[in-house]
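Below: one structure, written as structure tokens.
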């Protein structure tokens, strides 16, 4: 048997590596494929196998078998996907059998290797990483060869089914930045993470690992973060600190909200308490527990977590804080932010000295408490305008330095980074700016330049700052790609983005439009009355600027050529975002005139038609805040379903919990939830529970899921008996969820 196996493996040969997009070929019906793991795989290795299984099921309709095998006892026929870290028994033994060097000796930290071995009429594909999480990276990269792409707001699964075959590849993937991630910004804006619940964070983190990202940073004060509520009448008697009044949620916006109070679930509970002191104590306790659960989930995927704010205090303050968060939150980094004013002013020397002292005190407290996290700086600039290198000169090299780019991202990466040596450095490009937070933004060109400069200046970290997760998708995808890819140009990015999102039928024309508007999208909103993303009345704005919006008509004219339900849904998201932008431009001209109501409906209809995340709902809140007085609350657009943060993975004991908002110009009749174990034939039906307004909730208990991977879809029945589906491809292709367990399905 041993000689026979040796002869088989000697027939295998190396194949030439090739580029990013790997063609998929037809497979013989007799050449079945299995996924092979070691006899004792770890959680992440099983998860990698289940993810490969899930995505191949979505793309091909075939549900593969996952088997625990020994390398020397692999089946002698049929294609095999061998998955495991470089130290897994099946990976260590497998290369020995075919006389190649053990990949553990070849791979550096976080590197992963995809290699196909061909033998007569079958292929054996090795999917391995330096460790278990980089093996996950390898699994997700492999799935890109089937046209799948990942965003922070969800997956892109191309329409249609393809035949299953294994790609031919031999490539080691290496990170270009050691720290790659995102900074969802807590800054009192309703579009941002203030209103994320635990499911939203876990969905975000799940998508991060798919994109090869390994860092999440939060500017977070445990007592004060997430303390904003947007209050609509008639509940003004609940007024309290942190509330903003809005006269009317305009043109259907109320249907995307749970009640007349819009804010984080935690703060809505805290604000019921009698005194500010009780509220602060409650928020501190709840926020620490909340972030501890979020960071624990992140650590399953080796995602490093930073937390902190503009903290100040003596060593005793920091020692107590560090002991508290070490026990409950378990961050990897605690960062302290410099004042925003440093980015545009030169402060007095005493304030600079105070901040330097704060950093030194925090470092001393970290050493005294021996907590297992590092101290970092953060802010809007390296230093004050008159002395960008003052922190570097005066602080020990163990302090990690990080900063956002100047002028809300419009400034280049600061060249002074090059003069900082002997310490870790993280650059933080802006994925969007809050001055223009009401509008869609597109910054792929700038993101590419920022990454090139950060690398040139010796930064090891590349971290994107943002509030919204979906409308910023192109630049976020580019940032993630640049974390691994030495070179990325705008044309190749958009060519791939358009083809995988919208299909081939109008790909060249759509790509050309996106390339032409990137970094040129009109900035309609601005900072106004102490609020980001305001609309300033300008009676000539549309007349002067209307030609800048011609690209919206160009996109709309291409819509009839889009084929496939998923492609059309993705195309319509961007089309409606830009129709919404055009509506905002007209609204600036029509504010305070007889045309305001009509213009407001046009704008809100397009925004609501594109709404699927907290970001778009936050934009509804901001428009309502500014223009809600005496506004029409009725919705005049087409019915629309919003399912917030649909997860693709759950822990073993987690229930599947869903929030659905059914926006209709009548009274929607019902929402149904249909689910089944992955690959089975018969769906099981559950009717969603209606809450206030058009908010529906769905809960599938963990004991009902019973550790299985599942698929589901949601069907809504409108007031006029029309049917709406999530996902748009349902019931032919459903939303899928994998359980994070060690058990092989």
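The values are calculated or read from the model by the stated rules, or taken from the named source; none is laboratory data. Note that the structure is a prediction, hence the values are computed from the model and not measured. Every residue, glycine as well, gets a Cβ built from its backbone with ideal geometry; the counts of neighbours run over all protein chains shown.
A quick yes/no check of all residues on (1) buried (at least 22 other Cβ atoms within 10 Å of the Cβ); (2) modelled with pLDDT of 95 or more; (3) in a strand (DSSP E or B):
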| residue | (1), (2), (3) |
| --- | --- |
| 216 | yes, yes, yes |
| 225 | yes, no, no |
| 233 | no, no, no |
| 237 | no, no, no |
| 244 | no, no, yes |
| 252 | yes, yes, no |
| 259 | no, no, no |
| 262 | yes, no, yes |
| 269 | no, no, no |
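Scanning the stretch 675-690 for residues that are surrounded by 14 or more Cβ atoms within 10 Å (Cβ to Cβ) and closer than 30 Å to residue 259 by Cβ yields a count of 4.
Pick from the stretch 190-204 the residues that are more than 15 Å from residue 307 (Cα to Cα) and not in a loop (DSSP other than H, G, I, E, B): which of them is modelled with the lowest pLDDT?
Going through the stretch 190-204, the residues more than 15 Å from residue 307 (Cα to Cα) turn out to be 190-192, 195-200, 202-204.
Now narrow it down to the ones that are not in a loop (DSSP other than H, G, I, E, B): 195, 198-200, 202-204.
Numbers: 195: 93, 198: 96, 199: 97, 200: 97, 202: 98, 203: 98, 204: 98.
Per the stated criteria, the residue is 195.
Beta carbons closer than 6 Å, at least 6 apart along the sequence or on distinct chains, pair a first residue in the stretch 641-653 that is in contact (Cβ under 8 Å) with a residue 60 or more places away in the chain with a second that is part of a loop (DSSP other than H, G, I, E, B) for 642/611; 642/612; 649/740; 651/740; 652/741.
Flag not set for residue 538, criterion: more than 26 Å from the chain's Cα centre (by Cα) and part of a helix (DSSP H, G or I). Given the structure, is residue 631 touching a residue at least 12 places away in the same chain (Cβ under 8 Å), under 23 Å from residue 203 (Cβ atoms), assigned to a loop (DSSP other than H, G, I, E, B) and in the same structural domain as residue 578 (by TED's automatic domain parsing)? The answer is no for residue 631. Residues that are in contact with a strand residue (DSSP E or B) (Cβ under 8 Å, 6 or more places away or on another chain) and in contact (Cβ under 8 Å) with a residue 40 or more places away in the chain within the stretch 714-729 comprise 714, 715, 716, 717, 718, 724, 725, 726, 727, listed in sequence order.
Among the residues making up the stretch 310-324, those that are under 26 Å from residue 214 (Cα atoms) and modelled with pLDDT under 95 are 310, 311. Out of the residues in the stretch 578-599 meeting the condition of being out of contact with any helix residue (DSSP H, G or I) (no Cβ under 6 Å at 6 or more places or on another chain) and farther than 12 Å from residue 549 by Cα, tell me which one is surrounded by the fewest Cβ atoms within 10 Å (Cβ to Cβ). Step by step, filter the stretch 578-599, then rank; the result is 594. The residues on offer are 491, 486, and the sole one that is more than 26 Å from residue 585 (Cα to Cα), out of contact with any helix residue (DSSP H, G or I) (no Cβ under 8 Å at 6 or more places or on another chain) and surrounded by fewer than 23 Cβ atoms within 10 Å (Cβ to Cβ) is 486. Of the numbered criteria (1) surrounded by fewer than 16 Cβ atoms within 10 Å (Cβ to Cβ); (2) touching a residue at least 12 places away in the same chain (Cβ under 8 Å), the one residue 327 fails is (2). Of 295, 290, all but one fail to be modelled with pLDDT of 95 or more, assigned to a helix (DSSP H, G or I), touching a strand residue (DSSP E or B) at 6+ places or on another chain (Cβ under 6 Å) and not assigned by TED's automatic domain parsing to the domain that holds residue 597; the exception is 295.
Among the strands (runs of 3 or more DSSP E) contained in the stretch 70-189, which hold 3 or more residues that are closer than 30 Å to residue 225 by Cβ?
Values: elements: 79-83, 112-119, 122-129, 149-151, 154-156, 170-173, 179-184.
Output list reads 179-184.
Within the stretch 402-424, the set of residues being over 23 Å from the mean Cα position of the chain (by Cα) and under 14 Å from residue 462 (Cβ atoms) comprises 413, 417, 424. Within the option set 341, 328, being in the same structural domain as residue 293 (by TED's automatic domain parsing) and touching a helix residue (DSSP H, G or I) at 6+ places or on another chain (Cβ under 6 Å) holds for one residue only, 328.
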